[in-house]
Amino acid sequence: MMRPKTLLVVEDNALNREILVDILCSQYHVLEAENGQIALELLAEHKNQIALILLDMHMPVMDGITFLDHLRTDPDLSLIPVIVTTQSDTEADEIASLSHGAADFVPKPYRPQIILQRVANLISLRENASLSNLLRYDPLTGLFTKEYFYQLARGEIEANPDLEYNIVVSNLENFKLYNDLYGVTEGDRLLKAVARIAVDALGPDVIMARIRADRFVNLAVRTNRYCNEYFSGFNERLNQIHGMSHVSQKWGIYEIHDRSIPIAHMCDRAQLAADRVKGVYGQYYSVYDDVMRAQMIREQSIIDAMTQSLMDGEFQIYYQPKYALADDSLSGAEALVRWVHPELGFLSPAEFIPLFEKNGFITQMDRYIWKRACQDLSRWQAQGLRPVPISVNISRSDFYRMDLVKEFVELAAAYELDPSLLHLEVTESVYVENPQLIFATVRQLQKAGFCIEIDDFGAGYSSLSILGDSHVDVLKLDIKFVQNETAKPEDQSILPYVVSMARQLNMKVVAEGVETVAQRERLRSIGCDYGQGYFFSKPMTLMSYEKLLASHALR
Ligand code: C2E
Ligand code: CA
Ligand code: CA
């Protein structure tokens, strides 16, 4: 009979540990550890025998994330699959554990059949994979896989303490677009070409991997030969290949000074550097430096502060009025968030909104702003101020993380508002990304009486096709689009066509970023309905806006 495989259960709670061991011991030999430190000691002793680890995230002495980071950076341990055990309502734990290298998770309370099945699946997956070397080589390019790269790179820098190394990451610009336009086969051909050119240039001994779709990485001994010409040379070779004359790669470099950082984090930093030159014409690479480090630290302090700030009422609402171009009368206002933090100072939404979108906090913040806007509207109504509609911004993830229809129907009911007083602005790119889902939700919101706007129209690509399909109520032209188009001679601008198309589709048109009288005149003459921008007014405090409303009510 075959010897049972050995599993390691890492869990501080004795009862939970016992339950897990009970479930597993019928089929496996089980070792137990009550924290990450003890687990590492057991692993040092039994590393070649352990087929899988079940890991609790919250433990004294050494928590789950730290433990995962140890595993990931140890070449002997990084291939052992880990299943994380979580409370069923802690999505944050799941995401954190997966991003730190866990392979799967099982929620508490434990369901024996599910645990046994997941354990069996993972073990057999890993065994098959290591048999066929799948885990070591990327089948498309023949380069190393991410996991194996981490292992090899760690081994290399530890074996050569006297050498200095860099992590060099490269990305293709607009690879997703390339794939969409030319198809996956062409996309694959491009990736293979990138790999071949890099191997030809750097030689077969350089440790190189493809770590994600179009993201490549290598570990290089530090040199001072880096310059734009060096990197653009790679692109020139790529551009000589048929069909690839327009593609371009960008590079990011992380100089390894602190060798204790996990290789994965080093790659993230090199990636940050690469992001800095993304879309920047003529600049092919950037080196991770103190400015980026400071930015990372600043981002972290923003993230650390956000929840408390929301509770403390530090997020405030500003209103930017909107005017009818026909007679310059007040026709609405957009609610824009402002955040003044006691230590960080004034923070621009352009800085913190993208961070909140990434970490999901945007949903809480948006909900707070919507509620404040509804409170204001209801107070104005009670004061007899004849409010004009308020537009609020909806983020991409709001569609995925909550039931927007229920949310807004309940809000309007709670504050006794006519839904038509609420305009919901949804950025163009959100429609493009998942038209079916967004259109369906939009349709229901419209049925419930809310007014829907496409925001930032003209900022991205594939705009016109979306217009016809969307059936939204209002088209809001992007600032840049408005400013570029009104700067062109009249017969060269596409603005009149966009406006007349919207009108044919029964949409109202709002122009954002109106800054000059000439822009206002131009927009009025082509039939644009409303204008918003510094020409009329900057976003203003609640108090100023209330004064404006009061004077408007007197007219
Ligand atoms: P947006 O929705 O396109 O908002 C318009 C932005 O343009 C605002 O910047 C506004 O202050 C600015 N702006 C208005 N008129 C002019 C003008 O004439 N010239 C120029 N140069 N700029 C003008 P702000 O307030 O910094 O907001 C930036 C972005 O942050 C917004 O772009 C929106 O995407 C996001 N945002 C702001 N508040 C919220 C919010 O409460 N929720 C969500 N989800 N996003 C928000
Ligand atoms: Ca907006
Ligand atoms: Ca906008």
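The values are calculated or read from the model by the stated rules, or taken from the named source; none is laboratory data. The model shown is predicted, which means the values in this text are computed figures rather than measured ones. Glycine also receives a Cβ, built like all others from the backbone with ideal geometry; neighbour counts cover every protein chain displayed.
Looking for something over 19 Å from the mean Cα position of the chain (by Cα), more than 20 Å from Glu334 (Cα to Cα), at pLDDT 90 or above and more than 15 Å from ligand 1 (Cβ to nearest atom) - is there at least one such residue anywhere in the stretch 445-462? Yes, there is a match, as at least one residue in the stretch 445-462 is over 19 Å from the mean Cα position of the chain (by Cα), more than 20 Å from Glu334 (Cα to Cα), at pLDDT 90 or above and more than 15 Å from ligand 1 (Cβ to nearest atom). Filtered by the rule that a residue be surrounded by fewer than 19 Cβ atoms within 10 Å (Cβ to Cβ), more than 13 Å from Ala335 (Cβ to Cβ) and of a type outside the set (S, T, N, Q), the stretch 371-398 gives Arg379, Ala382, Gly384, Leu385, Arg386, Arg396.
Among residues of the stretch 523-535 that are farther than 16 Å from Glu425 by Cβ and at pLDDT 95 or above, those with a Cβ under 9 angstrom from a residue that is among the acidic types (Asp, Glu) and not in a loop (DSSP other than H, G, I, E, B), sequence gap 6+ or separate chain, pair up as Ser525/Glu490; Ile526/Glu490. Report whether or not Thr441 is surrounded by fewer than 22 Cβ atoms within 10 Å (Cβ to Cβ) and touching a Leu at 6+ places or on another chain (Cβ under 9 Å). So Thr441 passes the test. Among the residues of the stretch 364-372, none qualifies, meaning not one is in contact with an Asp or Glu (Cβ under 9 Å, 6 or more places away or on another chain), at pLDDT 95 or above and of a type in the set (S, T, N, Q). I'd like the residue in the stretch 192-229 that is of a type in the set (Lys, Arg) and in a loop (DSSP other than H, G, I, E, B) and, out of all such residues, is modelled with the highest pLDDT. The qualifying residue modelled with the highest pLDDT is Arg222.
Only a single criterion out of (1) hydrophobic (A, V, I, L, M, F, W, C); (2) outside any strand (DSSP E or B); (3) not assigned by TED's automatic domain parsing to the domain that holds His341 is not satisfied by Ile303, namely (3).
Applying the criterion of at least 2 residues that are among the charged types (D, E, K, R), at negative phi and away from ligand 3 (no atom under 16 Å from the Cβ) to the helices (runs of 4 or more DSSP H) found wholly in the stretch 469-541 leaves 517-525.
Here Ser78 fits the description: more than 24 Å from the chain's Cα centre (by Cα) and among the hydroxyl-bearing types (Ser, Thr, Tyr). Can you tell me which residue within the stretch 433-457, out of those that are among the aliphatic types (A, V, I, L, M) and within 16 Å of ligand 3 (Cβ to nearest atom), is farthest from Asp478 (Cα to Cα)? Restricting to residues being among the aliphatic types (A, V, I, L, M) and within 16 Å of ligand 3 (Cβ to nearest atom), the top hit is Ile452.
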